[in-house]
Amino acid sequence: MKVTLSDVDVLKHLQPEAVEAYLQATGWQIKNRIPDKVSIWTRDTFAEDRLKIQVPLDMEFDDYPLRISELLNILEKAENRSQIDIISELITNAPNITVQGVVMQIKTPNPDKLSGEVILLGVVVDRLRKIDIELVEQDYIIAIKAYQERCPIICTGDLIKDNKNFMLKNPRKFNIDQTWQN
């Protein structure tokens, strides 16, 4: 079963630079560039496999998510991979995203205030991933409780991917997920 990604919030935050880096790493060649508008990439590994992808370079265009969706459709067919797999490599940030997961580790707390880094295991683009998050005061206490009692948590923040590591910045609404008890 192939899944088509149509979540506009996810599509509109895929960075053109990440898309271009992915294309270059997977054997596509840049053929043309119109600065601040579009880059055109081709792949012709076989005579019957001549494909062209247009990467929009201005995320402010109203049709940016639509163009990214079209790009994902081409990549899905060319690579015989799901769009979810492809997008998990392309995502570099997702503002205002809600993450559900469990606290896997509490790192050494900061000595000068009630805060510290915790590592969550949560779902990002349909895969379990480690997510680093810095928490303070009450949120840090809730994380310790969730860790000790093995309760799932829910939190909203800005997800950032740096290399292969995910971080949740600006965390808010950090709570024990009450839905798991029902």
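Rolling a 1.4 angstrom probe over region 25-182 with all protein chains present gives an accessible area of which 50% lies on carbon and sulfur atoms.
Counting only Cα atoms, the size of the chain along its three principal axes is 59, 36, 28 Å, in decreasing order. Surface analysis of region 40-96 yields an accessible area of 52 Å² per residue, using protein heavy atoms and a 1.4 Å probe. Taking GluC sites (Glu not before Pro) in DSSP loop conformation with at most 14 other Cβ atoms inside 10 Å as exposed sites, the chain has its longest uninterrupted site-free stretch at 61-182. A Gaussian network model of the chain, with springs between Cα atoms under 10 Å, assigns the largest mean-square fluctuation among 107, 161, 169 to 107. Once all protein chains are placed together, residue 84 keeps about 20 Å² accessible to a 1.4 angstrom probe.
Summing charges over neighbours of residue 176, with a neighbour being any other residue whose Cβ is under 9 Å away from its Cβ, gives -1 when K and R count +1 and D and E count -1. On full extension, the segment bounded by residue 66 and residue 123 gains 18.1 nm, given 0.36 nm per residue less the C-alpha separation.
A 1.4 Å probe, protein heavy atoms only, puts the accessible area of residue 41 near 10 Å².
The values are calculated or read from the model by the stated rules, or taken from the named source; none is laboratory data. In this text, all values refer to a predicted model and were calculated from it rather than measured experimentally. Cβ atoms come from the backbone with ideal geometry, glycine included; neighbour counts cover every protein chain shown. Note: accessible area is taken over every heavy atom of the protein model, side chains too, but ligands, DNA and RNA are not part of it. Shrake-Rupley method; radii C 1.70, N 1.55, O 1.52, S 1.80 Å.
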